[in-house]
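The values are calculated or read from the model by the stated rules, or taken from the named source; none is laboratory data. Just so you know, these numbers come straight off a predicted model, no measurement behind them. Glycine also receives a Cβ, built like all others from the backbone with ideal geometry; neighbour counts cover every protein chain displayed. Keep in mind that these areas ignore ligands, DNA and RNA; they rest on the heavy atoms of the full protein, side chains included. Shrake-Rupley method; radii C 1.70, N 1.55, O 1.52, S 1.80 Å.
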Amino acid sequence: FPLPWVRRKLKLETTVTNDVMDLEPKKIKWITTGLVVLMIFHIMLPHRHYITDNNVNWTEKGHRFSWRLMTRTKRGSTSLFFVSSDQTEKPIRIKPKEILTRRQYRKMSAETDLVITFAHYLRDKYKKEGHTNVKVTSNIMTKLNGRNKRHLIDPKLDLAKVSRSVFKDEVSTPLELRSK
């Protein structure tokens, strides 16, 4: 819409000045560069799943803030953690359902980065209690798009030593797309 028409409809009586012309060319260059960088970021963010390795629906890497949000159904059905250290004879069984809220448990049971975060929470908790050489493993069974439930993460993997990554997935078990 033409600016005078908008001003009349909104009953704005201020005069229009051409502030862009008052800017120095150096400032215009920085503003333009910033806008271009912002535009590239907003184009790349929803498409970052193309640079990840493994199935995005299974690993969740590149899934958030993308245009793929409703393309799958993923549910965790069983989640257990096991903490062992130099002070324990056998692993301590942890039920996240007893620690987390229902929503947190449901989300954590299907997303690897939340599993790693919870495992690091357990590691830090037991280290504060005086345990040394803390090892955290998990038994997490998850379903994707009606498939049979399967391990989301290798049950033998020490999650206390794994770090979170934005792009690379180091913990998810491979997902076969075709059934044999």
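The solvent-accessible area of Ser77, taken with every protein chain present and a 1.4 Å probe, is close to 50 Å². When the surface is traced with a 1.4 Å probe over the full set of protein chains, Thr132 keeps roughly 70 Å² accessible.
Leaving out ligands and nucleic acids, and using a 1.4 Å probe, what accessible area per residue does the stretch 90-143 come to in Å²? Walk me through the numbers on the way to the answer.
On the way: 3200 Å² over 54 residues.
Solvent-accessible surface per residue comes out at 59 Å².
In loop segments of the stretch 81-125 as defined by DSSP, the GluC sites (Glu not before Pro) with at most 15 further C-beta atoms inside 10 Å of their C-beta are Glu89.
Of Arg102, Arg72, the residue with the largest accessible area leads and the full order is Arg102, Arg72 (1.4 Å probe).
What FRET efficiency do you get for Arg106 and Ile51 if R0 is 30 Å and r is their Cβ-Cβ distance, rounded to the nearest 0.05? Could the numbers behind the result be given before it?
On the way: r = 28 Å, r/R0 = 0.94.
Once the sixth-power term is evaluated, E becomes 0.60.
Using a probe of 1.4 Å on the protein chains alone, the accessible area found for Ile92 is around 50 Å². For the cross-link pairs Lys74/Lys161; Lys95/Lys143; Lys107/Lys128; Lys61/Lys135, the ones whose C-alpha atoms lie over 21 Å apart are Lys74/Lys161; Lys107/Lys128; Lys61/Lys135. Amide H contacts for Asp154 (H built 1.01 Å from N in the peptide plane; partners 5 or more residues away or on another chain; cut-off under 5 Å): Thr173. Taking 0.36 nm per residue of separation and subtracting the Cα-Cα distance, full extension of the segment from Glu129 to Asn145 would add 1.7 nm.
Between Tyr121 and His42, what length in nm is gained on full extension when 0.36 nm per residue of separation is reduced by their alpha carbon distance? Walk me through the numbers on the way to the answer.
Numbers: separation 79, 0.36 × 79 = 28.44 nm, distance 3.23 nm.
That works out to 25.2 nm of additional length.
Would you work out what percent of the accessible area of the stretch 88-180, with all protein chains in place, is carbon or sulfur (probe 1.4 Å)?
Working: 2980 of 6190 Å².
Answer for the stretch 88-180: carbon and sulfur cover 48 percent of the accessible area.
Calculated FRET efficiency, Ser77 to Glu98, Cβ-Cβ distance, R0 = 22 Å: about 0.85 to the nearest 0.05.
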